[in-house]
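Visitor: Handing you a structure now.
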Amino acid sequence: MSSISNVENLSPQTIRQVMKEMQQMSETPLEGIKIQINDADVTDIQALIEGPAGTPYAGGVFRVKLTLGKDFPQSPPKAFFLTKIFHPNVAANGEICVNTLKKDWKPDLGIKHILLTIKCLLIVPNAESALNEEAGKLLLERYDDYSQRAKMMTEIHAQAAKSAAGGDAKDDDGPSSKKHAVDKKVQDKKKEKLIKEKKRMLKRL
């Protein structure tokens, strides 16, 4: 999803404010949210959100993108999940529907508030304003099926994002590193097989 930079459309004051807020979040990170600063384009705001414990999204890491329009902060930014997710309030293209980014928007809310709201949405989905009708219906009528489907999508898509976000890869030249590499290959193959099976199950659902 490539978006045209809006840097030239935003006032210097707004750019300064956004940069200041991003810097603060980088220095004192929010729990379970890691901000990704793009020095070349401050309007390209991305963050990695950890799936909250006790939800079907636990164990996954989800990449989120905020797009600031030229009227920001008077009008809310658009928010998208770049990581595929099964959630009532997330459309097929990843767009997020939440009141904070619609009728409840206030110019002084800021980026931090939006990211926290998105994280809360993973904990408490809102079936009333569903962009994914199937997920909304399952959430209301058959929660176990909804949870299983969301968990499966998390395992397939969000755990791959987790390792890309810098898992625990270490360069090790010790004598056991070759054996470790072989073990890892075997594990990866098993994981790949599992994911393929899960994808097949998803298609059948």
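Visitor: What pairs in Lys84/Lys112; Lys70/Lys106; Lys65/Lys119; Lys20/Lys103; Lys78/Lys151 have C-alpha atoms more than 24 Å from each other? Before the final figure, lay out the partial values.
Guide: Values: Lys84/Lys112 22 Å; Lys70/Lys106 16 Å; Lys65/Lys119 13 Å; Lys20/Lys103 26 Å; Lys78/Lys151 26 Å.
In this structure, Lys20/Lys103; Lys78/Lys151 exceed 24 Å between Cα atoms.
Visitor: Can you list residues whose amide H is under 5 Å from Glu95's amide H, if they're 5+ apart or on another chain and H is modeled 1.01 Å from N?
Guide: Amide H neighbours of Glu95, under 5 Å, 5+ apart: Phe81.
Visitor: Right, here's the next one. Take the solvent-accessible surface of the protein heavy atoms, probe 1.4 Å, and return the percent of it on region 7-158 that carbon and sulfur atoms account for. Spell out each step's value before the answer.
Guide: Values: 3870 of 7740 Å².
Answer for region 7-158: carbon and sulfur cover 50 percent of the accessible area.
Visitor: Let me ask something else. How far is it, in nm, from the label point at Val124 to the one at Lys78 when both lie 7 Å from their Cα along the line to the Cβ?
Guide: For the pair Val124/Lys78, the computed spacing is 2.8 nm.
Visitor: In whole Hz and in residue order, list the ³J(HN,Hα) couplings for region 12-23 that follow from phi through the Karplus curve 6.51 cos²θ - 1.76 cosθ + 1.60, θ = phi - 60°; x for Gly and Pro.
Guide: The phi angles translate into x, 5, 5, 4, 4, 4, 4, 4, 5, 5, 4, 4 Hz.
The values are calculated or read from the model by the stated rules, or taken from the named source; none is laboratory data. Just so you know, these numbers come straight off a predicted model, no measurement behind them. In this analysis, Cβ positions are derived from the backbone assuming ideal geometry, glycine residues included, and neighbour counts consider all displayed protein chains. These area figures cover heavy atoms from the full protein model, side chains too; ligands, DNA and RNA do not enter into them. Shrake-Rupley method; radii C 1.70, N 1.55, O 1.52, S 1.80 Å.
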